[in-house]
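Take a look at the structure below.
The values are calculated or read from the model by the stated rules, or taken from the named source; none is laboratory data. Everything numeric in this text was worked out from a predicted model, so none of it was measured. Cβ: placed from backbone, ideal geometry, glycine included. Neighbour counts: every protein chain shown. Just so you know, the surface numbers come from the protein's heavy atoms only, side chains and all, with ligands and any DNA or RNA stripped out. Shrake-Rupley method; radii C 1.70, N 1.55, O 1.52, S 1.80 Å.
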Amino acid sequence: MDLMSLLKTRRTYRRFDESRPVAAEAVADMAEALRLSSSAGNLQPLRAIFVTDRAQAAAIFPHVHFAAALPKALGTPGPGERPTMVVALIYDGSRRSRWVDTDAGIALANLTLAAWHHGVGSCIMDNIDRKALAAVLELPEPMAIHSMVALGYPAHRSTVVAPGSDGSLQYYLDANRDYFVPKREVDEIVMWDRWTDERQTGKDLEKTPD
């Protein structure tokens, strides 16, 4: 899959085929993608715990929360739909620099794109019980959890659509529990040369910046 196809189709997935463990080749590529992530000052402060053991993944599940914008019954994976792999992104809490979140964003993008290259869906989670997860993962102080990523082969579709007629950006599910994710048009988010409050036109976007 080429890069732009990866970017267009790598959406958040919240229900997985629990009968399929993530392939070893995909796990290896995710690890390599993390290793190659850009890092401020090349300090590389992040570490990761890859959880592929089913019992450990099950112990983690109660302490992470999916799709805060949806009713729990819709947004949370049910039996047979839970992630088969979880990644915990870790940093030294006693040395948290201003760049940790930037590094983490780059690392998470690398990780999830490498996963999707193998057809493995992902859900990045910040709404998590870090204290409980630290205990499950036997994390020593001062190491801290930045975020968690649920992974597995998707059991639903996720499609980019235009915002609602009222401009709503709220994602939603259809009768099949497939996701639809509104995204703004390019001319609403990209401006040329300087800030403007007016919508750019398609004609403007055809111009090549100086």
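List of remarks:
- Applying the set (1) within 16 Å of the chain's Cα centre (by Cα); (2) over 23 Å from Thr102 (Cα atoms); (3) open to solvent by 60 Å² or more (accessible area, probe 1.4 Å) to Thr76 leaves exactly one unmet item: (3).
- Failed item, numbered, when Gly41 is tested on (1) farther than 17 Å from Ile124 by Cβ; (2) assigned to a helix (DSSP H, G or I); (3) in contact with a His (Cβ under 9 Å, 6 or more places away or on another chain): (3)
- Residues satisfying the stated conditions in region 131-157, i.e. without any contact (Cβ under 8 Å) to a residue 12 or more places away in the chain and of a type outside the set (A, V, I, L, M, F, W, C): Lys131, Glu138, Pro140
- Residues in region 1-27 that are of a type in the set (Gly, Ala, Ser) and within 18 Å of the chain's Cα centre (by Cα) were compared, and the one that is modelled with the lowest pLDDT is Ser5.
- Subset of region 2-25 [hydroxyl-bearing (Ser, Thr, Tyr) and part of a loop (DSSP other than H, G, I, E, B)]: Tyr13, Ser19
- Residues within region 69-108 that are among the aliphatic types (A, V, I, L, M) and in contact (Cβ under 8 Å) with a residue 60 or more places away in the chain, tallied: 10
- Looking only at region 44-73, and only at residues there that are touching a helix residue (DSSP H, G or I) at 6+ places or on another chain (Cβ under 9 Å) and among the β-branched types (Val, Ile, Thr), the one that is farthest from Ile124 (Cα to Cα): Thr52
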